[in-house]
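The values are calculated or read from the model by the stated rules, or taken from the named source; none is laboratory data. Since the structure is predicted, the reported quantities are computational estimates derived from the model, not experimental observations. Virtual Cβ from ideal backbone geometry, glycine too; neighbours counted across all protein chains shown. Each accessible area value is taken on the protein alone, full model and side chains, heavy atoms only, with ligands, DNA and RNA left out. Shrake-Rupley method; radii C 1.70, N 1.55, O 1.52, S 1.80 Å.
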Amino acid sequence: MRHVISLLIENESGALSRVSGLFSARGYNIESLTVAPTEDASLSRMTIVTTGSDDIIEQINKQLNKLVEVVKVVDISESAHIERELLLIKVRATGKDREEMKRMADIFRGRIIDATDTSYVIEMTGNQQKLDSFVAAIDGAAILETARSGVVGVGRGERVLKV
Amino acid sequence: MVLTGAEIVVRCLQEEKVEYVFGYPGGAVLFLYDELFKQDQVRHVLVRHEQAAVHAADGYARCTDKVGVALVTSGPGATNAVTGIATAYCDSIPLVIISGQVPTAAIGQDAFQEVDTVGITRPCVKHNYLVKDVREVASTIRKAFYLAASGRPGPVLVDIPKDVCTQKCEFDYPREITMRSYNPVTKGHLGQIRKALQLLLEAERPMIYSGGGVILSDAAEKLTRLARLLGFPVTSTLMGLGGYPASDGQFLGMLGMHGTYEANMGMHYSDVLLAVGARFDDRVIGDPRHFGQEPRKIIHIDIDPSSISKRVKVDVPIVGNVADVLDEMIRQIESGGARPEQDALDTWWKQIDEWRRRECLKYKNSDEIIKPQYVVEKLWEVTGGDAFVTSDVGQHQMWAAQYYKFEKPRRWLNSGGLGTMGVGLPYAMGAQLAHPGSPVACITGEASIQMCIQELSTCKQFRLPIKIVNLNNRYLGMVRQWQELFHGGRYSESYMDSLPDFAKLAEAYGHIGIRVDTPADVEGALREAFKQKNELVFLDFQVDQTENVYPMVQGGKGLTEMILSAEDL
Ligand SMILES: Cc1ncc(C[n+]2csc(CCOP(=O)(O)OP(=O)(O)O)c2C)c(N)n1
């Protein structure tokens, strides 16, 4: 099962390697991992997308909690939540394909944020599936480069992850 | 008061009431050594290899309730220490390791004797720090001691660049430490404890399975009280030995790969299992699927939630300090008045006694050739069962665990989790320094002892009257046993050729060495050795080369699938 785990960790050097080292040492999957400081600069928030059986997810939670610098861990995918990922994609945009590419970007509510005679850079946010669908929907040969941020997420409603 | 970083480090050690620092100097720690030189409160034990510094600090911690301290230089000093650190980590031993580092400006420049110590040790420490600012030295060392000893204990490393040792700042040792990210639980959940007690009181075939957590939380007396209140059988892991008195009728001996028949059968066929500070390790329960075939309810007390339901699903988890939880259980039983159902318990004990009649630890003694088990039995007799006993790793370790009956906690020092050959002698050094007047024996093998043999020199310098009991079978005995049983008797590289004359070797280091060849001389030699109150004596027992450790559960097999003797093969 796919899980989205969010955690707050002391913003110390090496914090990221403690988390990534834990995943590799114990053979847990990481589909994506994002990290950035929060409004409280002493804390970073990490979002990890992982897969595993219930037992493994339980161990991942416990092992993360055991790291001395981890302040809080929640599996936000356990209840209603919102996930977003940012995609920056550079595509070839020439001839009649140029118009088609713009149309596709509009349908998926992407924005063209850079353009040359031959290319566009499209910015798009959404959940993983939406971005996957967009990438699948456009002509693969037209893709010059993609950069994806990895997933971030928050719980819906009153649930907050805070110290 | 304004002090240099190096002065601050030593002041911190003094504030922590550190008796001994085990270490080895080098370029990056010269300023620290200079400060150690200028005082005499913290004593430094100069080992002959950094691995032994960490092992000795670890041994010191195992037989006291203090944090062990080691000090090493950057680069090779730190890498030599890694085996020691990992060994302590696997057995949850509280240590603070201070390592020197190249100056901050040189970090990342591939400087002389630079390694990424924090990176290398990250997977085998509870936590580690690189201190880049002298103003953080005191608080970091304070945190290191706090982290090492609290919660599930473990080694904490503090890496200090050379220039930080010379920078100055105001020294103020923090009394209190609070960390928002680290708040270990101590008291167990009352509701869970009540649930556990209900299960225990209804049990028909109960078993108490006790582990190293009982030793680490100094809960041996409480465990004994609880077990006696309930009248339940008790078994212990290798790490838990001494947590319950071995001579007591309720004790079934060690369980696991080389556990007793009665302990393994009892564990497997129990209907309610109380696991106390133990972690269902593969050397203990064998194949978890086989173990899961018998229906039973499991109660698991552990301070580390990640140890619970890791290998075996648990019905009643109780996260907390073992001593606190046992206390609460005893309190509730004593005030509640309910007692287990006696008839069922009697039937269960009858069954256990039947298993006991197999006398699985019986061995054929001989007049001609020394049996290793016999040496351990005699050691137990000669020391009145009251020595601090360390061991290395191999057959001798298992015989020590099986035949030296530990009555008290913190008397048995060995590497259970990592299984590190070479710990025996340094552990004995730590134990002898911690308990100067007490007998300390190191049960070892001719292969293991050679992994830290250089420490005979340290023992001479610090006058440590350790008794080394070398069960010399001229083989990597445990390897040979597996090759005999599971690899068609092909003894690939397990014969120990070109051995030194250990008695002479000991003499060369300034100690007494005695070689013992016949069973008739075993007891006399041991008595002679322990009479030497001020000398290290190296007893080199020439033992039966072909003896195997039984009972044995083959790796990956179930607990009840034991080989009891060579006849079972
Ligand atoms: C550092 C290290 N290397 C290798 C091993 C694997 N190993 C386990 S037991 C053993 C043989 C030990 O021989 P010895 O010390 O003579 O003890 P014996 O088994 O003969 O009693 C070996 C090589 C180990 N545990 N530790």
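List of remarks:
- Reciprocal mean inverse distance between Cα atoms of region A:111-157 - Kirkwood radius, Å: 12.5
- Here region B:223-262 yields Rg over Rh of 0.95, to two decimals, using C-alpha coordinates and the Kirkwood radius.
- Buried accessible surface for the B/A chain pair comes to about 1500 Å², total over both chains, computed with a 1.4 Å probe.
- Equivalent-ellipsoid semi-axes for region B:14-64 (Cα gyration tensor, √(5λ), whole Å, largest first): 19, 16, 7.
- Take B:D315: with every protein chain present and a 1.4 Å probe, its accessible area is about 70 Å².
- Total formal charge among the other residues, if their Cβ is under 15 angstrom from that of B:E50, Lys/Arg +1 and Asp/Glu -1: -2
- In chain B, the DSSP beta bridges split such that about 10 percent are antiparallel, to the nearest 5.
- Probe 1.4 Å, all protein chains present, accessible-area order of A:S149, B:S247, A:S77, largest first: B:S247, A:S149, A:S77
- Taken over the C-alpha atoms, region B:2-170 has Rg and Dmax values of 14.1, 42 angstrom.
- Efficiency of FRET between B:E359 and B:L569 - r from beta-carbon atoms, R0 25 angstrom, step 0.05: 0.85
- Region B:461-533: projected area of the alpha-carbon convex hull, averaged over directions, in nm²: 6.5
- Taken residue by residue and averaged, Cβ atoms of other chains lying within 10 Å of the Cβ of A:58-69 number 5.
- Antiparallel DSSP beta bridges within the protein assembly as shown, percent to nearest 5: 45
- Anisotropy class assigned to chain B is oblate, per the alpha carbon gyration tensor with a/c at or over the 1.5 cut-off and a/b no larger than b/c.
- Of all DSSP beta bridges in region B:372-549, antiparallel share, percent nearest 5: 5
- From the largest down, region A:2-78 spans 34, 24, 19 angstrom on the principal axes of its Cα atoms.
- Chain B, helix-only ellipticity at 222 nm - DSSP H runs n ≥ 4, -39,500 (n - 2.57), divided by all residues, nearest 500: -10500 deg cm²/dmol
- Stokes-Einstein D for region B:96-188, Kirkwood Rh over Cα pairs, 37 °C, 0.692 mPa s (µm²/s): 229
- Qualifying trypsin sites (Lys or Arg not before Pro) for region B:493-569 [loop in DSSP, other Cβ within 10 Å: at most 15]: B:K533, B:K557
- With all protein chains in place and ligands, DNA and RNA left out, the 1.4 Å accessible area ranks B:Y475, B:Y89 as B:Y89, B:Y475, largest first.
- Computed accessible area, B:T546, all protein chains, 1.4 angstrom probe, square angstrom: 90
- The Cβ shell under 12 Å around A:A80 holds other residues with a net charge of -1, Lys and Arg each +1, Asp and Glu each -1.
- Counting only residues at least eight positions apart within a chain, or on another chain, the lysines with an alpha carbon under 25 Å from that of B:K195 are A:K62, B:K187, B:K222, B:K297, B:K310, B:K313.
- With one equal scatterer per alpha carbon and no solvent term, the Debye-computed log10 I(q)/I(0) for region A:82-152 at 0.11, 0.22, 0.23, 0.26 1/Å reads -0.23, -0.89, -0.97, -1.22.
- Angle in degrees between helix A:15-25 and the longest Cα principal axis of chain A, rounded to the nearest 10: 90
- Convex hull volume of region B:399-447 per residue (C-alpha atoms, cubic angstrom): 95
- Alpha-carbon geometry of region B:504-569: the Rg and the Dmax are 18.1, 49 Å, given in that order.
- Listed residues A:M1, B:M478, B:M552 arranged by accessible area, highest first, probe 1.4 Å: A:M1, B:M478, B:M552
- Compared with the dominant principal axis of the Cα atoms in chain A, helix A:54-66 is inclined by about 70°.
- With N the number of residues in the protein assembly as shown, Rg(Cα) / (2.2 N^0.38 Å) evaluates to 1.09.
- Rh (Kirkwood; distinct C-alpha pairs) - region A:22-163, Å: 17.4
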